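J.: The structure's right below; bear with me while I get my questions together.
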Amino acid sequence: MIEMELKPDVGCYIVLIDNHCKSDNLQDAIGFFDENIDSDLEPDTVTYTARMCGYYRQGNVNRAVTLVNEMSFRGIQPDAITMSALHHRILRAKKSQFRH
């Protein structure tokens, strides 16, 4: 895209972040998230939710909770999908703790 002088939009970054998270490549996903912000594009709820899913895949629910707080700090209201995913993962983590 850079060679063609195309500037990615938020939707493009969402796809990059989501695909890298699903490939267990969270560091690159975070890099694209930061690049999104550095490009003067505001991440939206979907962008944050995609990144949160990367943390879920690694079992890092606490970091996902931190992202919800970051969203609120930036004035981005988590939607029902974001909160449902977070709630589900917190319950799953708690259930896992009781088994061990």
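Bear in mind that the values in this text are calculations on the coordinates, not laboratory data. Quantities reported herein were computed from a predicted structural model and do not represent experimental measurements. Here Cβ is always computed from backbone atoms with ideal geometry, including for glycine, and neighbour counts include all displayed protein chains.
J.: Assuming residue 17 fulfils every condition listed in (1) surrounded by 13 or more Cβ atoms within 10 Å (Cβ to Cβ); (2) hydrophobic (A, V, I, L, M, F, W, C); (3) out of contact with any Phe, Trp or Tyr (no Cβ under 6 Å at 6 or more places or on another chain) apart from one, which condition is it?
T.: Failing condition for residue 17: (3).
J.: I'd like to check something: does the range 33-48 contain any residue that is more than 18 Å from residue 74 (Cα to Cα) and in contact (Cβ under 8 Å) with a residue 24 or more places away in the chain?
T.: Among the residues of the range 33-48, not one is more than 18 Å from residue 74 (Cα to Cα) and in contact (Cβ under 8 Å) with a residue 24 or more places away in the chain, which makes the answer no.
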